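Engineer: Let me give you the structure first, and then I'll get to my questions.
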Amino acid sequence: MKKCLIYLMIVLINYCCKKDDIQQDYNKKNFQTKKEIEDSTSISHLPIGDEKIKDFDFPEIWDNLQELDDTNPHFTINKISKTGYDSMFYFIEKNANQYYNSLILDKTNHSIKLPHKETNGLLKLYDNSVVLDSAYYISTLSNKPNFTLKLYKNGNKYKSFLVGENNKKSFDYLSLITFDKFKNPIDFKIIYYNNYDDIQSYKRFFYLDNANNIYIKDFIVDELSTQNSKYNSYKISNNGTFQKN
């Protein structure tokens, strides 16, 4: 009888321990599933950027305002005149830069070095005397059957010498990158850049709508004037490549 009781106690203890292990495994699986769900739904809200980029027609070139006072109540975004283009450009640049600055790098993810075919345009602006840091993941913008669209931002490796003895330039930039279902990059598109040069600077602003249509305008700004350099729009094909409209 005594042996039976000991045997029953051993069986009961083993059962309880096994049950706890099963419960822990179950909780662990539930936690992983919940995390996977959270990861898959961490999609930024579209649209992003400034829609005025798409709708507003800038002249080819205009004279800069000598003094720009954004505290002046008469300095409004809707005042289109000889100096009105400066107003519109100022607000678009301000909104774009604020959006860029609000994005926090996720350096726990692997960085991506943009291919030369995409950075070549920036490198040529200063005769290849440009240094660009790698891009880091910011957020997922959309999931499609054949690709995932993600937003990346440059790191700050070269922040300390935008202009220096090395005679190098650097750009802040944002890039869209599409990935296939195996998480391999498909295509790249730089949608924002700014190099903050006092003498001559190059800027790109963008608008990305709910249908993943991308509108981009490039500007060249010097001490006297602003030039509307280039305008392009893109759509993302079913296979995840950026196609110019």
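Engineer: Find how many whole Å separate the alpha carbon centroid of the stretch 102-154 from the alpha carbon centroid of the stretch 193-245.
Structural biologist: The two parts, judged by their Cα centres, are 15 Å apart.
Engineer: Find the percent of Cα-Cα distances in the stretch 133-245 that exceed 18 Å, and round it to a whole number.
Structural biologist: Values: 3519 of 6328 pairs.
Here the tail beyond 18 Å accounts for 56 percent of pairs.
Engineer: Out of residues 5 or more away from I186 or on other chains, whose amide H comes under 5 Å of its own, with H placed 1.01 Å from N in the peptide plane?
Structural biologist: HN-HN under 5 Å from I186: T178, F179, D180.
Engineer: Okay, next question. Within the stretch 171-206, what residues put their amide N at less than 17 Å from the label point 7 Å along the Cα-to-Cβ vector of S225?
Structural biologist: The answer is 199-203.
No value in this document is a laboratory result; all are computed from the given coordinates. Please read all numbers here as calculations on a predicted model, not as lab measurements. So basically every Cβ, Gly included, is an ideal-geometry build from the backbone, and we count neighbours across all protein chains shown.
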